[in-house]
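The values are calculated or read from the model by the stated rules, or taken from the named source; none is laboratory data. From a predicted model like this one, the values you see are computed outputs, not experimental measurements. Note that each Cβ is placed from the backbone with ideal geometry, even for glycine, and that neighbours are counted across all protein chains shown. The protein model used for the area step is the full one, side chains on, heavy atoms only, and it has no ligands, DNA or RNA in it. Shrake-Rupley method; radii C 1.70, N 1.55, O 1.52, S 1.80 Å.
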Amino acid sequence: MPAAAAARAEMPDPGPPGGPRAAAAPQPSTLYRSGTQVRPRTGAPEVPEVSALSWVVAEAGSGDVLAAHDAHRKLPPASTLKTLFALTVLPVLPGGIRHEVSADDLNGIGPGSSLVGVVEGRTYRVSDLWNGVFLNSGNDAVHVLASLTGGWSATAARMQAEARALGARDTHVRSPDGYDAPGQVSSAYDLAVFGRAGLRNPDFARYCAKIDAMFPGRNGASYGIVNTNRLLTGEDGVEPYPGLIGIKNGYTSNAGNTLIAAARRDGRTLVVTVMNPQRGGGHAVYEEARSLLDWGFEAAGHVDPVGSLATGGVRPRQGPPAVPAAVTAARPSQDDSGWPETGAVMGVAGLGAGVMALALRLKLVRDERN
């Protein structure tokens with residue numbers, strides 16, 4: 001159904017002419033329906049025609065989804081999955097920790113991966129590695145950070161539990177860096193959930209908004225890296241979006257181009273996700289996100305929500321380092337094939353993460369004293 005037709009189909013009853021409208025109960029979510037979902041009021045702008053297989057426009061503050069297209073369609077996420085990696089790992093890795101990279105840290109990086117240039121034998125601050133993740137989408141930096149928090153499989157299990165705790169039930173993690181792997185999927189809805197959660201983490205928000213940084217090279221030298229999110233930087237002929245505050249882009253040959261973008265205007269913050277545009281070339285993901293952001297800001301007060309990012313799940317209570325959250329998040333779900341096994345692994349991973357976090361903090365104290 002074309003967007004305009006879908007908009008008319010979702011047009012609410014305006015009520016009696018000239019009379020006040022009775023307060024309506026929240027309408028049920030339509031996010032599991034196929035096609036474009038929107039509930040316009042009088043004067044609402046038309047939803048733009050975009051070619052992406054799936055997209056979402058949502059309010060970051062309230063979590064209200066203003067419009068969406070196939071929001072829960074499961075698709076490969078590419079490097080936008082690094083947002084979930086950051087949500088999972090940032091809390092247990094203080095940025096000031098120094099780590100000398102070993103050959104084992106860099107094992108298993110997929111061929112053709114995006115790299116920031118991490119080298120064996122070089123000592124890096126964790127903050128440098130996070131710059132490599134957010135700006136350069138460096139899979140090498142992801143591998144090193146994962147090795148510091150229990151290893152590749154344990155990190156994947158913890159990410160899976162984090163996704164469930166956030167209410168993101170379409171996501172299945174196989175490779176923490178977003179590299180294509182059989183069965184690895186997410187959705188525009190879940191990616192919007194991750195983006196919204198990331199903006200509430202000061203470290204995440206700071207890293208995802210950076211345009212450039214210096215990265216340690218060989219022999220004590222450093223070199224500049226630039227964020228690959230062209231909607232943020234204006235690189236390669238893409239006009240930067242006014243008020244953009246980050247978040248993360250991605251690309252693989254299987255996933256196509258994917259993007260989570262957030263922008264702030266007149267006291268409102270929107271989160272938009274775009275997955276795999278079908279026409280327009282490599283920059284289409286940015287231009288389609290631009291048109292959806294423009295629509296979202298213009299539609300303020302003229303649409304009713306079609307669903308929410310805030311109702312999918314409840315975060316586990318915080319307790320002693322990592323353990324209760326791990327056990328709570330690992331409860332099996334009836335409709336997730338393989339989740340009980342993943343949850344069991346995650347419980348063990350959480351125990352290791354708690355010990356690792358304590359050890360890393362002690363290391364940070366020692367480093368600061370030296």
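On the stretch given as the stretch 102-114, residues that are crowded, with 16+ Cβ neighbours inside 10 Å and either touching a strand residue (DSSP E or B) at 6+ places or on another chain (Cβ under 9 Å) or not in a helix (DSSP H, G or I) (or both) total 4. Scanning the stretch 29-45 for residues that are touching a residue at least 60 places away in the same chain (Cβ under 8 Å), open to solvent by 70 Å² or more (accessible area, probe 1.4 Å) and farther than 14 Å from LEU66 by Cα turns up just one, THR42.
Filtered by the rule that a residue be crowded, with 17+ Cβ neighbours inside 10 Å and either out of contact with any strand residue (DSSP E or B) (no Cβ under 8 Å at 6 or more places or on another chain) or in a helix (DSSP H, G or I) (or both), the stretch 115-126 gives a lone residue, VAL126. Scanning the stretch 227-273 for residues that are of a type in the set (Val, Ile, Thr) and either in a loop (DSSP other than H, G, I, E, B) or over 19 Å from the mean Cα position of the chain (by Cα) (or both) yields THR228, VAL238. Scanning the stretch 148-168 for residues that are surrounded by fewer than 22 Cβ atoms within 10 Å (Cβ to Cβ) and under 17 Å from PRO77 (Cβ atoms) yields one hit, GLY167.
Tell me, yes or no, whether the stretch 199-208 has at least one residue that is surrounded by fewer than 16 Cβ atoms within 10 Å (Cβ to Cβ) and among the aliphatic types (A, V, I, L, M). Steps first, please.
Let us first name the residues in the stretch 199-208 that are surrounded by fewer than 16 Cβ atoms within 10 Å (Cβ to Cβ), namely 200-202, 205-206.
With among the aliphatic types (A, V, I, L, M) added as a condition, the list becomes 205.
Yes, the conditions are met somewhere in the stretch 199-208.
Among the residues of the stretch 293-316, just one is assigned to a helix (DSSP H, G or I), open to solvent by less than 50 Å² (accessible area, probe 1.4 Å) and farther than 21 Å from ALA205 by Cβ, namely TRP295. For beta carbons closer than 6 Å, sequence separation of 6+ or different chains, a first residue in the stretch 184-201 that is closer than 15 Å to ALA165 by Cβ and outside any strand (DSSP E or B) and a second that is open to solvent by less than 10 Å² (accessible area, probe 1.4 Å) and of a type in the set (Phe, Trp, Tyr), the qualifying pairs are GLY198/PHE204. Mind listing whichever residues of the stretch 248-287 are farther than 23 Å from TYR179 by Cα, in contact with a Gly (Cβ under 8 Å, 6 or more places away or on another chain) and open to solvent by 20 Å² or more (accessible area, probe 1.4 Å)? Once the filter is applied, which keeps residues that are farther than 23 Å from TYR179 by Cα, in contact with a Gly (Cβ under 8 Å, 6 or more places away or on another chain) and open to solvent by 20 Å² or more (accessible area, probe 1.4 Å), the stretch 248-287 yields ARG264, ARG265, ARG268, THR269, GLU287.
Scanning the stretch 189-235 for residues that are on the phi > 0 side of the Ramachandran plot and modelled with pLDDT under 95 turns up ASN219, GLY220. For the stretch 83-97, residues that are more than 12 Å from TYR207 (Cα to Cα) and open to solvent by less than 10 Å² (accessible area, probe 1.4 Å) total 5. Name the residues in the stretch 196-233 that are basic (Lys, Arg) and out of contact with any His (no Cβ under 9 Å at 6 or more places or on another chain), would you? Of everything in the stretch 196-233, those that are basic (Lys, Arg) and out of contact with any His (no Cβ under 9 Å at 6 or more places or on another chain) turn out to be ARG196, ARG200, ARG206, LYS210, ARG218. Counting only residues that are farther than 20 Å from VAL285 by Cβ and open to solvent by 60 Å² or more (accessible area, probe 1.4 Å), the stretch 209-231 holds 7 of them.
Does the stretch 176-195 hold any residues that are charged (D, E, K, R) and either touching a His at 6+ places or on another chain (Cβ under 8 Å) or surrounded by 24 or more Cβ atoms within 10 Å (Cβ to Cβ) (or both), and which are they? Reasoning before the result, please.
First, pick out the residues of the stretch 176-195 that are charged (D, E, K, R): 177, 180, 190.
Answer for the stretch 176-195, where residues must be charged (D, E, K, R) and either touching a His at 6+ places or on another chain (Cβ under 8 Å) or surrounded by 24 or more Cβ atoms within 10 Å (Cβ to Cβ) (or both): ASP177, ASP190.
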